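Everything below concerns the one structure shown next.
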Amino acid sequence: MSTNKIAVSTAEIGSFTTVSNGPFPVYNDDQILIKGIAYAANPTDWKHIANKWGAPGSIAGSDASGIVYEVGKDVKGFEVGDFVSTTLHGNYRKDRGGFAEYVIADPATTVKYDKSKFLTEPLPVGKTPSSLINTFEGAAAITLSLATVGLSYSHSLKITPDLKGNSEKYILIWGGATATAILGIQVAKLIYGLKVITTASKKHHEFLKSLGADITLDYRDSDVLEQIKKAAGGKIYYAFDTVSSKTTYQQVYDATEGSPVKSFDNLLFLGKDDLKLRYDDSANARFGATLVYLANGESQRLETVIEATPELLADYNKFWFELLPPHVGQLKNPELIVLKPGFESANEALALLKEDKVSGGKVVFRG
Ligand SMILES: NC(=O)c1ccc[n+]([C@@H]2O[C@H](COP(=O)([O-])OP(=O)(O)OC[C@H]3O[C@@H](n4cnc5c(N)ncnc54)[C@H](OP(=O)(O)O)[C@@H]3O)[C@@H](O)[C@H]2O)c1
């Protein structure tokens with residue numbers, strides 16, 4: 001039986017991952033095995049390793065794309081040879097991670113593409129502009145973000161996919177140039193029919209408008225909150241903080257004054273208690289936090305146990321299996337920052353993110 005080349009989490013000073021050989025992965029009947037081709041780095045990868053959240057020696061990486069190699073006997077909708085991308089809780093376990101030659105994938109966090117549209121040659125090292133997803137690098141770059149957005153919109157924000165009813169409603173997406181928001185803007189427009197108001201550095205505004213953002217504002221402007229209130233005209237119904245610092249969460253909340261916001265969401269476990277509230281208009285709002293790892297049905301043990309409840313899975317699965325598939329061909333990947341091929345590049349990719357050297361793009365590499 002063949003082995004599985006992997007990037008392993010290390011906790012050595014100055015290094016996040018090293019390359020190694022692990023055993024061939026064992027997957028369940030309801031899972032898929034992918035022969036990995038391209039990989040993308042996420043902030044969670046270096047955070048898991050630096051903070052020692054995962055098991056020592058676990059397989060790094062949370063985003064991969066490739067070709068379906070084997071299909072569990074209980075899986076429907078995937079065949080050997082399909083072009084796919086997947087996201088999973090990497091940097092956490094020794095038997096499963098994204099930066100691997102063979103990747104175990106759950107259907108609920110795996111996207112299938114039209115392979116007739118794909119260019120299979122490797123992209124050159126360096127930058128490739130955003131495009132419709134038609135490369136393995138582009139596919140690897142979107143999946144964790146897409147599952148995060150799907151869970152946020154379907155379950156935490158509870159947005160109804162009512163294209164007509166939503167056409168005059170705004171979603172405020174703070175941090176438009178984050179990898180999450182680049183998918184969040186597209187999904188808000190294509191699947192939910194919302195108007196999008198977003199904050200990002202000026203250099204990203206044209207790009208974010210090309211993804212469908214209606215209003216783009218610079219978060220560095222001292223009066224950005226007033227600009228948001230004026231532009232949205234009291235019509236913000238949903239608010240998603242993709243940066244999720246205490247400051248940005250409060251900014252998001254303050255910018256919605258005068259709007260009938262139904263729900264707020266963030267990605268780093270901020271809650272109502274982290275806000276200075278206007279009690280008069282917040283009484284009926286929902287304050288949620290999204291954790292993408294719940295999407296494949298596994299409850300998570302962090303400071304407390306966070307449960308993948310039946311309601312959460314019903315909301316999310318409706319998004320992933322019903323609402324999303326007709327729109328996969330319309331989604332664009334972020335600008336790609338392509339590193340040298342080889343799992344050795346995983347270390348460089350994580351260091352770039354840790355050092356905050358990436359703005360509006362996604363770091364990818366081939367195995
Ligand atoms: N809970 C979950 O399930 C989950 C899922 C995904 C991500 N996350 C977390 O969410 C955060 C975002 O992750 P990501 O991968 O989407 O981000 P990312 O792509 O790494 O975000 C980088 C972007 O953040 C923007 N930014 C930084 N500070 C900002 C501010 N004050 N206001 C507006 N934009 C700002 C920058 O935009 P400019 O270039 O415009 O300056 C930069 O381009 C990370 O902390 C990540 O760990 C959590």
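The values are calculated or read from the model by the stated rules, or taken from the named source; none is laboratory data. Bear in mind the structure is a predicted one, so any value in this text is a computation, not a measurement. All Cβ positions, even for glycine, are placed from backbone atoms using ideal geometry, and neighbour counts span all protein chains on display. All accessible areas refer to the heavy atoms of the entire protein, side chains included, with ligands and DNA or RNA removed. Shrake-Rupley method; radii C 1.70, N 1.55, O 1.52, S 1.80 Å.
Here are the numbers for the structure shown:
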read-out: Other-chain or far-sequence residues with amide H under 5 Å of Phe287's (modelled H); value: Phe264
read-out: Cα long-axis angle, helix 345-354 against the chain (0 to 90 degrees, to the nearest 10); value: 20
read-out: When the chain is reduced to its Cα atoms, the Kirkwood hydrodynamic radius in Å; value: 20.6
read-out: Carbon/sulfur fraction of accessible area - the chain, other protein chains in place, 1.4 Å, %; value: 53
read-out: Computed lengthening from Trp53 to Ser359, 0.36 nm per intervening residue step minus Cα-Cα distance; value: 107.6 nm
read-out: Relative contact order [Cα under 8 Å, 6+ residues apart], the chain, whole percent; value: 20
read-out: Peptides ranked, highest mean first, by Cβ atoms within 10 Å: ranges 145-156, 37-48; value: 145-156, 37-48
read-out: Per-selection metrics, the stretch 241-321 (Cα): Rg and Dmax in Å; value: 14.1, 39
read-out: Net charge of Cβ neighbours under 14 Å - reference Gly212; Lys, Arg +1; Asp, Glu -1; value: +2
read-out: Degrees, to the nearest 10: 246-255 long Cα axis against longest axis of the chain; value: 40
read-out: Using distinct alpha-carbon pairs, which all enter the 1/r mean, Kirkwood radius of the stretch 135-226 in Å; value: 13.5
read-out: Per residue value of the accessible surface for the chain (all protein chains in place, 1.4 Å probe), Å²; value: 43
read-out: Full-stretch length increase - Glu168, Lys94 - with 0.36 nm per residue and alpha-carbon distance subtracted; value: 21.8 nm
read-out: Coil-residue trypsin sites (Lys or Arg not before Pro) of the stretch 144-186, DSSP, other Cβ within 10 Å capped at 11; value: Lys164
read-out: Debye intensity ratio I(q)/I(0), log10, the stretch 30-133, q values 0.12, 0.15 Å⁻¹ (C-alpha model); value: -0.42, -0.65
read-out: Lys246-Gln330 pseudo-label distance in nm [points 7 Å out on the Cα-to-Cβ vector]; value: 4.1
read-out: Where a label projected 7 Å from the Cα of Glu226 along Cα→Cβ would reach, residues of the stretch 255-287 with amide N under 19 Å; value: 255-259
read-out: Protection proxy ranking, peptides 302-313, 77-88, average beta carbon neighbours within 10 Å, highest first; value: 77-88, 302-313
read-out: Inter-label distance for Lys235 and Val305, nm, one decimal - labels placed 7 Å from Cα along Cα-to-Cβ; value: 4.5
read-out: Positive-end extreme of charge dipole, the chain - chosen from Trp46, Thr135, Ser154 (charges on Cβ); value: Thr135
read-out: Per-peptide average of other Cβ atoms within 10 Å, ordering 115-126, 213-224, 91-102 highest first; value: 91-102, 213-224, 115-126
read-out: Asp74-Asp114 FRET efficiency (beta carbon distance; Förster radius 22 Å; 0.05 resolution); value: 0.30
